[in-house]
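To start, the structure itself, in structure tokens.
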Amino acid sequence: MSGPLDGVTVLGLEQAIAAPLCTRHLADLGARVIKVEQPGVGDSTRHYDRTVRGLAAHFVWLNHGKESAALDLTASADREVLHDLLGGADVIVSNLAPGALDRLGLGVDELAQRYPRLIIVDISGYGRGGPLDHKRAYDLLIQAEAGSCTITGLPGQPAKPGIPIADIGTALYAYSAVLAALYERERTGRGAVIPIAMLDVVAEMMGFALNQVIHGGVEPAPVGMGSPMVAPYGAYPTVDGRTVVLGTTSDREWRRLAADLLHRPDLAEDPRYAGNADRVRLRGELDAIVGFWCRERTLAEIQRAADAAGIGNARLNGVRGLAEHPQLAARNRWRDIDTPAGPVPALVPPGLAQGWATVSGSVPALGADTDAIRAEFAEHSTPHS
């Protein structure tokens, strides 16, 4: 089935998460994605584990809907094949190690000059220039540099979020920038060079915390299952051994929680808790009050009462709870994708317009499409200078 990007060809000189997730989302919309991998080795995520019927969990997540071409870019013959591919491509997305493409004569400036209609996405850890542009960058390293670990966890116990937000955030910025560049090219006929630094992405995500430091002079303190910005807002054990997550994001919601959920109009009218800044300062007191109320009730009782009072709430799930989540099942958010080991379940991509096809491609074996791609693009190639 075709999607809105049918006819768009994307090359992925990619590894790990950031670039592969970007190109997988382009494949989800119908683009043809050709993943260029090192012969005999391939993307590093192929070898993380053997969880999915002998395949790696990361690789299956990030690479369905792609073709795999195993090319040795240090060999001149395979570089010629890559140039044949570039001549017919619309987009190239790369997140290789710093300087890798430049050493192969495939730097951004050279590509932009040689292929003026090509959209070139250059993902790096720290951006070009500056004292850190030479450094390798992984999700944890970027999150450490950008401060996100210090506002996660508990005071004195920084933690990396379980989701690789630096990688995923970078992928989504790259994905959206490619779509904008394709639209611009329709009007101008010109490609684009899109440099994206992972540090810049996480710095953008840290905007509220940056404002607190720049304008308030105080480092935000992590609050575990909560937010340093609002209170009460957190996770509370229930009488049946579960955990409910609930809270407020405005003064109005606070008054509703106090009066309609806790049946404590005295709290709703107490001037000590009138404003959010007051409640944040007295977070411990409010958490104790809400926590005591929750410990006397079951999860189901709390959620019914919170829904009736118009208070946002959720249950604390593990990953198994997500895999079996009734909301995903009821909305048909699962599909099957093919792999070298047979079909496996995968989520339908978010952000599909009504009427767009769900393009469910296969997870490629390493180099599975190399010969076919060599033959196809050699037929259409022109001599390279």
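Taking the stretch 246-274 as the range and being touching a residue at least 24 places away in the same chain (Cβ under 8 Å) and of a type in the set (A, V, I, L, M) as the test, the residues that pass are Leu246, Leu257, Leu261, Leu262. Listed by first and then second residue, the pairs with beta-carbon distance under 6 Å, at least 6 apart or on different chains, first residue in the stretch 294-309 and farther than 20 Å from Arg252 by Cα and in the same structural domain as Asp240 (by TED's automatic domain parsing), second surrounded by 15 or more Cβ atoms within 10 Å (Cβ to Cβ) and of a type in the set (Ser, Thr, Tyr), are Cys294/Tyr236; Cys294/Thr238; Thr298/Thr238; Leu299/Thr238. Here Ala314, Ala235, Ala288 are screened, and the one residue that is modelled with pLDDT of 95 or more and part of a helix (DSSP H, G or I) is Ala288. Regarding the stretch 54-64, can at least one residue be identified that is of a type in the set (A, V, I, L, M, F, W, C), in the same structural domain as Asp167 (by TED's automatic domain parsing), touching a Pro at 6+ places or on another chain (Cβ under 6 Å) and under 27 Å from Ala146 (Cα atoms)? Within the stretch 54-64, one or more residues are of a type in the set (A, V, I, L, M, F, W, C), in the same structural domain as Asp167 (by TED's automatic domain parsing), touching a Pro at 6+ places or on another chain (Cβ under 6 Å) and under 27 Å from Ala146 (Cα atoms).
Restricting attention to the stretch 53-72 and to residues that are out of contact with any strand residue (DSSP E or B) (no Cβ under 6 Å at 6 or more places or on another chain) and touching a residue at least 60 places away in the same chain (Cβ under 8 Å), the residue that is surrounded by the most Cβ atoms within 10 Å (Cβ to Cβ) turns out to be Asn63. For the stretch 317-339, filtered to residues that are surrounded by 12 or more Cβ atoms within 10 Å (Cβ to Cβ) and in contact with a strand residue (DSSP E or B) (Cβ under 7 Å, 6 or more places away or on another chain), the residue that is farthest from Lys66 (Cα to Cα) is Leu328. Taken over the stretch 193-231, the residue count meeting the criterion of being within 21 Å of Tyr138 (Cβ to Cβ) and either part of a helix (DSSP H, G or I) or basic (Lys, Arg) (or both) is 8. The set of residues from the stretch 283-293 being without any contact (Cβ under 8 Å) to a residue 12 or more places away in the chain and either of a type outside the set (A, V, I, L, M, F, W, C) or not assigned by TED's automatic domain parsing to the domain that holds Thr238 (or both) comprises Gly284, Glu285.
For Pro364, the stated conditions hold: it is in a loop (DSSP other than H, G, I, E, B) and in contact with a strand residue (DSSP E or B) (Cβ under 6 Å, 6 or more places away or on another chain). Of the residues making up the stretch 302-316, not a single one is surrounded by 14 or more Cβ atoms within 10 Å (Cβ to Cβ) and under 26 Å from Ala56 (Cα atoms). For the stretch 240-255, the condition of being in contact with a strand residue (DSSP E or B) (Cβ under 9 Å, 6 or more places away or on another chain), at pLDDT 95 or above and among the small types (Gly, Ala, Ser) holds for none of the residues. Any residue at all in the stretch 338-345 that is among the aliphatic types (A, V, I, L, M), touching a Gly at 6+ places or on another chain (Cβ under 9 Å) and either farther than 22 Å from Asp240 by Cα or in a loop (DSSP other than H, G, I, E, B) (or both)? For the stretch 338-345, residues among the aliphatic types (A, V, I, L, M), touching a Gly at 6+ places or on another chain (Cβ under 9 Å) and either farther than 22 Å from Asp240 by Cα or in a loop (DSSP other than H, G, I, E, B) (or both): present. Here's a check for you: in the stretch 134-146, which residue that is in contact with a helix residue (DSSP H, G or I) (Cβ under 7 Å, 6 or more places away or on another chain) and at pLDDT 95 or above is nearest to Val213 (Cα to Cα)? Across the stretch 134-146, the extreme among qualifying residues is Ala146. Of the helices (runs of 4 or more DSSP H) lying entirely inside the stretch 91-182, those containing at least 2 residues that are exposed (fewer than 14 other Cβ atoms within 10 Å of the Cβ) are 100-103, 108-114. Among the candidates Leu267, Leu257, the residue that is buried (at least 17 other Cβ atoms within 10 Å of the Cβ) and either in contact with a helix residue (DSSP H, G or I) (Cβ under 6 Å, 6 or more places away or on another chain) or under 22 Å from Val218 (Cα atoms) (or both) is uniquely Leu267.
The values are calculated or read from the model by the stated rules, or taken from the named source; none is laboratory data. This is a predicted model, so every value here is computed, not measured. No Cβ is skipped: glycine too gets one built from the backbone with ideal geometry, and neighbour counts run over all protein chains shown.
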